[in-house]
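Visitor: Please see the structure below; I have some questions.
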Amino acid sequence: MIQKESYIKIIDNSGGKWAKCIHIYNGYRKRVAKIGDRILISVKQLREKKRSRAKVKEKMLLFSLVVLTTMALRTKNNIFNIFFQNFGILLNKQFKPFGTRFYIKIPKWFRFSRYFRIVSLAKGLIY
């Protein structure tokens with residue numbers, strides 16, 4: 001679960017490493033973001049190797065798509081996947097991904113959403 005003021009780890013190659021959640025979209029007075037929600041973030045830290053040629057800068061306000069959370073992800077087979085960090089992908093104003101590669105596997109649920117391009121760029125799928 002991601003609330004305001006919580007940190008997420010950026011998993012694409014746009015240059016960002018850590019970001020802070022500012023606002024949660026997809027609902028009226030929504031307090032918690034789950035997998036598949038859009039949030040407004042502020043980039044707090046950049047990756048060391050890509051600091052000079054990063055697509056993003058520190059303190060930039062961007063959209064992010066929540067990919068994995070620390071809350072348990074339940075599948076149809078009653079299998080629970082629990083992750084130890086919150087992960088997100090940076091999006092531009094047209095809600096298309098900044099990066100061209102993602103470093104972790106994403107849930108299979110994204111195959112049936114409007115973010116199919118993220119599935120094609122991902123490392124793999126998990127259930």
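Coordinate-derived values only; no laboratory data. Since the model is a prediction, treat every value here as computed from it, not as a measurement. Cβ placement follows ideal geometry from the backbone for every residue including glycine, while neighbour counts extend to all protein chains displayed.
Visitor: Filter the cross-link list Lys49/Lys108; Lys44/Lys96; Lys17/Lys93 down to pairs whose alpha-carbon distance in this structure exceeds 27 Å.
Guide: Flagged as over cut-off: Lys49/Lys108.
Visitor: Using label points projected 7 Å from each Cα along Cα→Cβ, tell me how many nm separate Gln85 and Ser42, to one decimal.
Guide: Using points 7 Å along Cα→Cβ, the separation is 2.1 nm.
Visitor: Give me the Debye-computed log₁₀ of I(q)/I(0) at q = 0.17 Å⁻¹ for the chain, equal point scatterers on Cα only, no solvent, two decimals.
Guide: -0.84
Visitor: Rounded to the nearest 20 debye, what is the charge dipole size of the chain about its Cα centre when +1 sits on each Lys and Arg Cβ and -1 on each Asp and Glu Cβ?
Guide: Roughly 260 debye, rounded to the nearest 20.
Visitor: Please give the residues of segment 24-38, grouped as numeric ranges, whose backbone N is less than 20 Å from a label point set 7 Å along the Cα-to-Cβ vector of Lys96.
Guide: Counting only backbone N, you get 38.
Visitor: Now for a different question. Charges on Cβ only, +1 for Lys and Arg, -1 for Asp and Glu, centred on the Cα centroid of segment 1-84; of Val32, Thr70, Ile11, which one is farthest towards the dipole's positive end?
Guide: Of Val32, Thr70, Ile11, it is Ile11.
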